[in-house]
Amino acid sequence: MEISALTRSVVKRNHAVISPDGYVNSNVPGWTNCTVNVIINEQMGARLCQTIVTLREGGRLEGKTIASQIFFYVVEGQIEVSVASEQKTLSKNQFVYVPIDKEYLFQNPTEGTQLLTFHKVYEPLESYAVPGVFFGEKDDSKAPIFMNDEALRIQELLPNELGFDMAVNIFTYDLGGHLPMVETHIMEHGLLYLQGQAVYMLDHEWYPVKKGDSIWMAPYCQQWATTMGKEPSVYIYYKNVNRFPTVV
């Protein structure tokens, strides 16, 4: 019998590690026949929302973005997607970025299809158009070496253009891979481990993490990570980018 008072999840002032053992389900209007777990949200001090959605047969996500853009990534399974006039079937490791003021419909999933979502209020930039709908996929051939270390590779999933105020990347650490420095920066992060195990240092606290775990890092939360175990560790992460660094 497991002791129910034990968990690897931690929620602190400037960071959190959320493991699946403590999920409590939420309801989102228009999202039906699915289990929604809100992992990161403004209620904890973040300026983004991150969810995990697990769909049953007949599951359906229907809605319209208003102030917030949404990035949907297929962690497992397959699902049909319609955004504005574009229609595609997305499978594991494929994604769609839905900009503001767009209707979307996800339907006909395979049983157990799991989606990761990142939501952020869009900040317009003068002289730059709001980005359009964007589809893509994880592709290791598009993941160049990071900071001259062959054990580290990053793929940028969204275009590196000023119209975008959020970035979503996939970071792969091969065996022996670790960040070359303790990062201290203005960008906020939300992330999900897709593969493997690691040790993550957040604000000088050390955490073992693995596939299925999520992490929130507030601006200036010092961070460092190294892979652990017998396979590469891989996570997908959000950060805010391309806007003047102040609150207007």
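Remarks
- Whole-percent pair-distance distribution, where bins are 10 Å wide, for the alpha carbons of the chain: 7, 31, 38, 21, 3, 0, 0
- Electrostatic tally near Gly58: other residues with Cβ closer than 13 Å to its Cβ, Lys and Arg +1, Asp and Glu -1, net -2.
- Alpha-carbon centroid distance for the pair the stretch 194-232 / the stretch 92-171, whole angstrom: 21
- Phi angles across the stretch 171-177 convert, under the Karplus curve 6.51 cos²θ - 1.76 cosθ + 1.60 with θ = phi - 60°, into 3J(HN,Hα) values of 10, 10, 10, 6, 4, x, x Hz, Gly and Pro given as x.
- Taking the 1.4 Å solvent-accessible surface of the stretch 150-248 as the whole, the part contributed by carbon and sulfur is 56%.
- In terms of its C-alpha gyration tensor, the stretch 1-87 comes out oblate, because a/c is 1.5 or above while a/b does not outweigh b/c.
- Within a straight-line Cα-Cα reach of under 16 Å, Lys211 can be paired with the following aspartates and glutamates, leaving aside sequence neighbours fewer than 8 residues apart in one chain: Asp21, Glu76, Asp174, Glu231.
- Across the stretch 110-195, Cα-Cα pairs more than 19 Å apart make up 53 percent of the total.
- Stretch gain in nm, segment Tyr23-Thr35, where the contour uses 0.36 nm per residue and the Cα spacing is subtracted: 3.3 nm
The values are calculated or read from the model by the stated rules, or taken from the named source; none is laboratory data. Predicted model, so just to flag it, every value in this text is computed and none were measured. Here the Cβ is made from the backbone with ideal geometry for all residues, glycine too, and neighbour counts use every protein chain on show. Just so you know, the surface numbers come from the protein's heavy atoms only, side chains and all, with ligands and any DNA or RNA stripped out. Shrake-Rupley method; radii C 1.70, N 1.55, O 1.52, S 1.80 Å.
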